[in-house]
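Each remark here refers to the structure printed beneath this line.
The values are calculated or read from the model by the stated rules, or taken from the named source; none is laboratory data. Keep in mind it's a predicted model, so treat the numbers as computed, not measured. Here the Cβ positions follow ideal geometry from the backbone for every residue, glycine too, while neighbour counts run over all protein chains shown. In case anyone asks, the SASA skips ligands and DNA or RNA and just uses the protein heavy atoms, side chains included. Shrake-Rupley method; radii C 1.70, N 1.55, O 1.52, S 1.80 Å.
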Amino acid sequence: MNQPERRQRPRGTDVLIVDDEEDIREVLELSLLRMGLASDTAGTLADARRLLGEKAYRLCLTDMRLPDGDGLELVADIQANFPGLPVAVITAYGSIETAIRALKAGAFDFVTKPVELKALRELVNHALKLEPPARAAAGEAGRSLVGDSTALAQLRAQVAKLARNQAPVFIQGESGTGKEVTARLIHEMGPRAAAPFVPVNCGAISPELMESEFFGHRKGSFTGAVADKDGLFQAARGGTLFLDEVADLPLAMQVKLLRAIQERAVRSVGAHTEESVDVRILSASHRDLAQLVAEGKFRQDLYFRINVITLRVPPLRERPEDIPDLAAHILARLAEREGAAPRRLSPGATAALQQHPFPGNVRELENLLERACALCDGDEIGVDDVALQRPEPLRPAPTALGAHRPQDELEGDEDAERARVLRMLDDTRWNRSEAARRLGMTLRQLRYRLEKWGME
């Protein structure tokens, strides 16, 4: 059999393989060679350290158990001395806890023994697409996370670091802080950027359809299944699946999601076999998952599986110094949409915004500025235009729209009501039924309002 020739690279060999079992080293070396990649091998931690000091590598594959140490020690060494080098660990089948320890220590990813060649190829291909850390840190995160506060600088640094591995990340933050923006940046700055980013609001899917939505279904598997359909996992193949508001998943679905994540495989409804899926899982919620675990409302095993690394997105009230830059960014975007010159904030309006608590965070600022642009007559938005009075709580109507409420009261708080409704629609990704439920009104009442505001 003719084998590809090893390519000569001035910067060193492609991959360093570290394993004390010679047959495994040979299998991995041959598999990489068939991919056109040259490799060096080491049987001990000491040999690996020596080779790392002598050559430059693009990827390191290491077993967790070595005669003179632990694979985690090598992960730590590489993190400290070769931070641009991705390192993946090889663990025994079923040792998810060990793999999670490695991911938390900074490993890029993991594969289990016996090593499946398809999984190995996917891992290697993702690793070799990584950009140098300095280039990645100066990329999209710098342009999309607007502001110069210390809190935002820390978030940028964390995003750049997390983009360089495949660990599941749980993004914690209040509604409107930009959790999906943060997840999308992790995806776009990482090796999966060319593949799909698939966001899903877990609270907006009917429990009866959830398994089909996530895993797909086969024709005839239930009434209405007139054709085969891929699920969200298949749609995100090779890329990232973002589970927004993951705390809203029912317990029965949590069990199935846990298996899909652990096995990296799914079974469509009505199918007899599983199919492997290569996706990275990012999740988010504004709720306290640890508290939900304590209350028995969220599975502890799933919590530990998706919460390998926690990333907190700070609320806007913790970084008021970012508001001028954020406002300018939002106003420029609104102007571009309208084909007009961007408006500017007056010093008084800027100061007022920086003193506002912003319970709705960046989303509230966006809605507020959009309203201010509609009310402003000139190029400058003043204090009166931003109208920062606290909105009244929306009171549910017990019967028909406006029952037991005078007309002047309805007109007096209509602007506040419209802002509240829009925020809730944003929170539920325009799931009208869910928004109406949270607002305490019927779907018919919500649709009446949207029609009145020209938004239906």
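Suppose we keep just the DSSP beta bridges with both residues in segment 185-337; what percent of those would be antiparallel, to 5?
Working: 3 of 13 bridges.
Of those bridges, close to 25 percent are antiparallel.
What does the extension gain come out to for Thr150 and Ala194, with contour length at 0.36 nm per residue minus their alpha carbon separation? The partial results should precede the final answer.
On the way: separation 44, 0.36 × 44 = 15.84 nm, distance 3.06 nm.
Between Thr150 and Ala194, full extension yields 12.8 nm more.
Please enumerate, by chain and number, the lysines with C-alpha under 23 Å from the C-alpha of Lys229, excluding those fewer than 8 residues away in the same chain.
Lys219, Lys256
Can you pull the one-decimal nm distance between simple spin-label points at Ala290 and Asp325, each 7 Å off the Cα toward Cβ?
3.0
Which value in deg cm²/dmol, rounded to the nearest 500, describes the helix-derived mean residue ellipticity at 222 nm for the chain, given -39,500 (n - 2.57) per DSSP H run of n ≥ 4 and division by the residue count?
Working: 22 runs with 207 residues, N = 456.
Computed ellipticity for the chain at 222 nm equals -13000 deg cm²/dmol.
Tell me, what is the percent relative contact order of segment 19-70, built from C-alpha pairs under 8 Å that lie six or more residues apart? Can you show the working numbers first?
Working: 39 pairs, mean separation 22.5, N = 52.
Worked out over segment 19-70, it gives 43 percent.
Out of all DSSP beta bridges with both ends in the chain, state the antiparallel percent to the nearest 5.
Details: 5 of 42 bridges.
Bridges in the chain that DSSP calls antiparallel: roughly 10 percent.
Sorting check: for 206-212, 36-42, which peptide has the highest mean count of neighbouring beta carbons within 10 Å, and how do the rest follow?
Numbers: 206-212: 14.3, 36-42: 18.7.
Ranking, from highest mean packing down: 36-42, 206-212.
Based on the Cβ-Cβ distance of Ala157 and Glu22, what FRET efficiency does E = 1/(1 + (r/R0)^6) give at R0 = 60 Å, to the nearest 0.05? Intermediate results must be reported in sequence, preceding the final value.
Numbers: r = 41 Å, r/R0 = 0.68.
Computed FRET efficiency for Ala157 and Glu22 comes out at 0.90.
Please report the spacing between the Cα centers of segment 140-185 and segment 24-77 in Å, no decimals.
Between the Cα centre of segment 140-185 and that of segment 24-77, the gap is 32 Å.
For Lys297, tell me the accessible area in Å² from a 1.4 Å probe, rounded to the nearest 10.
Answer for Lys297: close to 110 Å² accessible.
Normalised by the number of residues in the chain, what is the relative contact order in percent for Cα pairs under 8 Å and 6+ residues apart? It would help to have the intermediate numbers written out before the result.
Details: 727 pairs, mean separation 50.9, N = 456.
Once normalised by length, the contact order is 11 percent.
Need one number: % antiparallel among DSSP beta bridges in segment 41-112, to the nearest 5. Intermediate results must be reported in sequence, preceding the final value.
Numbers: 2 of 10 bridges.
Of those bridges, close to 20 percent are antiparallel.
Evaluate the charge dipole of the chain about its Cα centre and quote only its size in Debye, nearest 20, assuming +1 on the Cβ of each Lys and Arg and -1 on the Cβ of each Asp and Glu.
Values: 61 positive and 69 negative charges, 131 e Å.
The calculation lands at about 620 debye.
Roughly how much of Val200 is accessible, in Å² to the nearest 10, using a 1.4 Å probe?
Roughly 10 Å² of Val200 is accessible to a 1.4 Å probe.
Take the alpha carbon atoms of segment 204-223, find their center, do the same for segment 333-391, and report the distance between the two centers in whole angstrom.
Here the two parts' Cα centres lie 42 Å apart.
Report the label-to-label distance for Glu274 and Asp228 in nanometres (one decimal), using points 7 Å from each Cα along the Cα→Cβ vector.
2.0
Over the chain, what per residue volume does the convex hull of the Cα atoms give, in whole Å³?
On the way: hull volume 88.1 nm³, N = 456.
With only Cα atoms used, the chain gives 193 Å³ per residue.
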